[in-house]
1. Debye calculation, C-alpha points only, no solvent: report log10 I(q)/I(0) for the range 93-168 at q = 0.13, 0.14 Å⁻¹, in the same order as the q values.
2. Ranked by Cβ crowding within 10 angstrom, fewest neighbours first, how are 242, 216 ordered?
3. When the chain is fully extended, how far beyond the present Cα-Cα distance does residue 306 get from residue 227, taking 0.36 nm per residue of separation?
4. Using only C-alpha atoms and all pairs of different ones, pull out the Kirkwood radius for the range 13-149 in Å with one decimal.
5. If you average 1/r over all unlike Cα pairs in the range 170-284 and invert the result, what Kirkwood radius do you get in angstrom?
6. Where Rh denotes the Kirkwood radius from the mean inverse Cα pair distance, what is Rg over Rh for the range 80-229?
7. How much length is gained on full extension from residue 144 to residue 94, taking 0.36 nm per residue of separation minus their Cα-Cα distance?
8. When N counts the residues of the chain, how does its alpha-carbon radius of gyration compare numerically with 2.2 N^0.38 Å, as a ratio?
């Protein structure tokens, strides 16, 4: 990964709107607001020089990677049943996405005294979720193997989206992303998560025969195409970013799920997504968790953009 050549300075009115949009995207209605500037000086679960801090600051990579991760999660029948039957996704898709996004931000950027209790609450919630898949196979949301799949698909989605559409990551940098995330994944109860890209590929290959197509995946894609996630002037890009998410999923999994070329990027759309990803990596969102967490640690708000 190479440092950005320069920070893009926007007119004040445009910058203010983008900051407000970033805040709204991560703050669900009636949810608990998180102040990433506090407590002053307190470290996060990830260090500020980690690749994760750089990747998670980019909203384009986050949206593409998050959608790709959910597609991969829904491809596993036990995870799919748990998500679809025991969450508010169908009734309140945007609220569910906001809560998931905020949890990811707290995990990466939040002070330890905020992140660790939040993770513990999520673990307790998962412990209460159990049932049977439509095929009659029993599952538990607290199962370490299922949690490892969820954590691995999330790490893959964000890293692959950043590498493909923002700034290419080397093999060593991919390894670093997985290595950084493994200890934190254990807090969620996910043991045996990949610590390198080779281990990630091995895990994905081991899922051949377990992943399966489902109408739920296509329902999810429709929700993501139709539920506004961006400010109105940027809504035209949303469907394109959903297609970009499909594009980064390994080819054999796309074929398994029935995600034909129709669901991927159209001709010449790739460069538009790359342009958006590159530009968004050079715009400082002062109200974002990334920038606010830099301030908490006494670093300049531009630390991740230098």
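1. Cα-only, vacuum Debye calculation for the range 93-168: -0.54, -0.62.
2. 216, 242
3. This chain segment gains 25.0 nm when fully extended.
4. For the range 13-149, the Kirkwood estimate is 16.6 Å.
5. Its Kirkwood hydrodynamic radius stands at 16.7 Å.
6. That ratio is 0.95, to two decimals.
7. Stretched fully, the residue 144-residue 94 segment lengthens by 15.3 nm.
8. Relative to the rule-of-thumb radius for its length, the chain sits at 0.95.
Values quoted throughout were computed directly from the atomic coordinates according to the rules given, and no laboratory measurement underlies them. A quick note: this is a predicted structure, and the numbers were derived from the prediction, not measured. So basically every Cβ, Gly included, is an ideal-geometry build from the backbone, and we count neighbours across all protein chains shown.
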